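This report concerns only the one structure given below.
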Amino acid sequence: MEIKKVGVLGAGTMGAGIAQVCIQAGYNVVLIDIVPGIVDKALAGLDKAWAKAIEKGKATAEAVANYKTLVTTSTDVNDFKDVDLVIEAIVENIDVKKKAHKQLGEICKPEAILASNTSALSITEIAAATNRPDKFVGMHFFNPVVVMKLVEVIPGIVTADETTQTVLEVARKIGKDPVLAKESPGFIVNRILVPYMNEAANVYQEGIATLEEIDKAMKLGAGMPMGPLELADMVGIDIVLAVCEFFYNEFGDSKYRPSLAFKQKVRAGHLGRKTGKGFYDYSK
Ligand code: CAA
Ligand code: NAD
């Protein structure tokens, strides 16, 4: 099936970036968040990014004017009724995702594909909550979406090959270089990256070094583009903790035990860049 119109559910850190790359690839995009004001914030972010692109000579004013005609926003999921593909990027919680996709199945046209940007959860389980498990697939983007080239494409056990191929094609059209991964907690990248961030939080919790020293050590000693605790702040500590908890429960292995430092930050509402405070303070 040819994808022409894409729905993006959730306009937070990831949804806004996913909408941006889809628009820039020429798709019509409907961006929806149930919390009023979030889509306006996302649109303001897109305007800022596009203004910067014009300034740097990376986009023309005509191209940006065209981008703006391709996007519509809403707080009502019924506005997804004519999209060909929905990419969901809402909270990392299995019950919330199952409920949202069940509703999307009832709203979207029968041939539409539903995709989840989940960081770790079971594609098969979310698919089973819908009326179209064969048209359900994992489509996992990386933060910052505009910069990171990877999309992991994860078929569930009943995903049709045609669904997987269509979504691989969409990923390529938006300038990404996709990899296929079998369904397993955290797929490829997060299975490796999240325990790394968790261990860094343990090193911090044990007082082995300061935040700055831990991040500096991993940048200078291991060639990481940013330190693990800076990265947790960029991803959102709530997301990292949700993935750690899922690994711990799903694998039943103590090596995935979530760091107390993550739990304390989330309990305090210090989720990282998005709340202005996480391991570091972004309020100034
Ligand atoms: N949003 C949009 N664009 C951004 C950005 C952001 N948050 N941060 C940087 N950029 C852009 C800059 O505008 C710049 O663009 P131009 O070349 O057009 O000027 C470009 O990226 C490079 O920026 P900088 O030179 O300022 O920064 P950098 O070279 O230090 O790179 C980085 C920034 C790409 C974020 C780099 O530090 C990096 O790769 N960090 C690791 C990111 C990572 O690991 N992501 C995966 C997280 S895990 C995940 O996403 C999965 C999950 O499920 C949790
Ligand atoms: P976020 O907290 O920045 O944004 C989530 C948005 O979803 C919020 O604006 C919220 O209002 C909205 N929302 C919640 N429930 C909703 C519903 N039922 N319907 C519509 N909107 C709803 O989160 P995020 O960082 O963008 O993460 C979104 C998803 O992407 C999660 O599954 C996360 O695991 C995954 N992910 C995150 C990252 C990352 O680095 N942050 C990277 C890859 C994947």
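The values are calculated or read from the model by the stated rules, or taken from the named source; none is laboratory data. This one's a predicted model, so the numbers in the text were calculated from it and none came from an experiment. Backbone-built Cβ (ideal geometry, glycine too); neighbour counts: all protein chains shown. Just so you know, the surface numbers come from the protein's heavy atoms only, side chains and all, with ligands and any DNA or RNA stripped out. Shrake-Rupley method; radii C 1.70, N 1.55, O 1.52, S 1.80 Å.
Among the residues of the range 231-243, the ones that are surrounded by 23 or more Cβ atoms within 10 Å (Cβ to Cβ) and either outside any helix (DSSP H, G or I) or more than 8 Å from ligand 2 (Cβ to nearest atom) (or both) come to 6 in all. In the set (1) within 16 Å of ligand 2 (Cβ to nearest atom); (2) in contact with a strand residue (DSSP E or B) (Cβ under 9 Å, 6 or more places away or on another chain); (3) open to solvent by 70 Å² or more (accessible area, probe 1.4 Å), the condition left unmet by Met1 is number (1). The criterion of being open to solvent by less than 50 Å² (accessible area, probe 1.4 Å), more than 15 Å from ligand 2 (Cβ to nearest atom) and touching a Pro at 6+ places or on another chain (Cβ under 9 Å) holds for Thr159. Being open to solvent by 10 Å² or more (accessible area, probe 1.4 Å) and of a type in the set (Ser, Thr, Tyr) is not true of Thr118.
For the range 224-269, the set of residues classified as among the aromatic types (Phe, Trp, Tyr) and in contact (Cβ under 8 Å) with a residue 60 or more places away in the chain consists of Phe246, Phe247, Phe251, Tyr256, Phe262, listed by residue number.
Taking residues in the range 172-185 that are more than 17 Å from Phe246 (Cβ to Cβ) and open to solvent by 20 Å² or more (accessible area, probe 1.4 Å), and partners anywhere that are part of a helix (DSSP H, G or I) and among the hydroxyl-bearing types (Ser, Thr, Tyr), the pairs with Cβ atoms closer than 8 Å and at least 6 places apart or on different chains are Leu180/Thr164. Considering the range 5-113, the qualifying helices (runs of 4 or more DSSP H), each wholly inside and each with 3 or more residues that are among the polar types (S, T, N, Q) and open to solvent by 10 Å² or more (accessible area, probe 1.4 Å), run over 13-24.
Condition check for Val147 on (1) within 14 Å of ligand 1 (Cβ to nearest atom); (2) assigned to a helix (DSSP H, G or I); (3) open to solvent by 40 Å² or more (accessible area, probe 1.4 Å): one failure, at (2).
Being within 16 Å of the chain's Cα centre (by Cα) and assigned to a loop (DSSP other than H, G, I, E, B) is the filter; apply it to the range 182-215 and report the residue that is farthest from Phe142 (Cα to Cα).
Pro185
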